[in-house]
Amino acid sequence: QVQLVESGGGLVQPGGSLRLSCATSRSLVNFYIMAWYRQAPGKQRELVASITTTGDTNYADSVKGRFTISRDNAKNTVYLQMNSLKPEDTALYYCNRRPPVAIDWGQGTQVTVSS
């Protein structure tokens, strides 16, 4: 079974930055489109950003120009660099394939943007 372990979340002030990491137990990043998702309290989980095996990226309109997704094939890891964070970015962040595989959801990492 695949394991996805997210890390790097925390409490940050508006305008701050965080870098999230997603370590995979298998070389998913080499063969699948990988993505970051987030779920805020009371809301549905939404797609934030995705990256293909060839490095093409796609972003939700709400994070374009502020977030950057990347991957390290050798480390089987996907990253999400988040800059200019806003309170509305507060959520539990997850990584998964795109489209997501239900059984693969990890615990996520909490991002809280607040002054």
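The values are calculated or read from the model by the stated rules, or taken from the named source; none is laboratory data. For clarity, every value in this text was computed on a predicted model and none was experimentally measured. All Cβ positions, glycine included, derive from the backbone under ideal geometry; neighbour counts span all protein chains shown. In case anyone asks, the SASA skips ligands and DNA or RNA and just uses the protein heavy atoms, side chains included. Shrake-Rupley method; radii C 1.70, N 1.55, O 1.52, S 1.80 Å.
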### Query
Condition test on Ser7, is it within 15 Å of Thr77 (Cβ to Cβ), in contact with a strand residue (DSSP E or B) (Cβ under 6 Å, 6 or more places away or on another chain) and not hydrophobic (A, V, I, L, M, F, W, C)?
yes
### Message
If I go through the stretch 45-59 residue by residue, how many of them are within 12 Å of Asp89 (Cα to Cα) and open to solvent by less than 60 Å² (accessible area, probe 1.4 Å)?
### Response
1
### Query
Within the stretch 69-96, which residues are under 14 Å from Cys22 (Cβ atoms), in contact with a Phe, Trp or Tyr (Cβ under 9 Å, 6 or more places away or on another chain) and among the polar types (S, T, N, Q)?
Ser70, Gln81, Asn96
### Query
Quick one: what pairs do we get from the stretch 92-111, first residue more than 20 Å from Pro41 (Cα to Cα), second among the small types (Gly, Ala, Ser), C-beta under 6 Å, 6+ apart or different chains?
Arg98/Ala35; Arg98/Ser50
#### Entry: Checklist (1) open to solvent by 60 Å² or more (accessible area, probe 1.4 Å); (2) more than 22 Å from Gln110 (Cβ to Cβ) applied to Gly42, failing item
(2)
### Task
Kindly establish whether Val29 is in contact with a Lys or Arg (Cβ under 9 Å, 6 or more places away or on another chain), modelled with pLDDT of 95 or more and on the phi < 0 side of the Ramachandran plot.
no
### Message
Restricting to the stretch 23-39, name every residue that is open to solvent by 30 Å² or more (accessible area, probe 1.4 Å), under 18 Å from Asp72 (Cα atoms) and of a type outside the set (D, E, K, R).
### Response
Ala23, Ser25, Ser27, Asn30, Phe31, Tyr32, Ile33
#### Entry: Among the candidates Leu20, Leu11, residue that is under 16 Å from Val111 (Cβ atoms) and either without any contact (Cβ under 8 Å) to a residue 40 or more places away in the chain or open to solvent by less than 60 Å² (accessible area, probe 1.4 Å) (or both)
Leu20
### Answer residue from the stretch 101-115, given it is touching a Phe, Trp or Tyr at 6+ places or on another chain (Cβ under 9 Å), open to solvent by 60 Å² or more (accessible area, probe 1.4 Å) and part of a loop (DSSP other than H, G, I, E, B) and is nearest to Ser17 (Cα to Cα) among those
Gln107
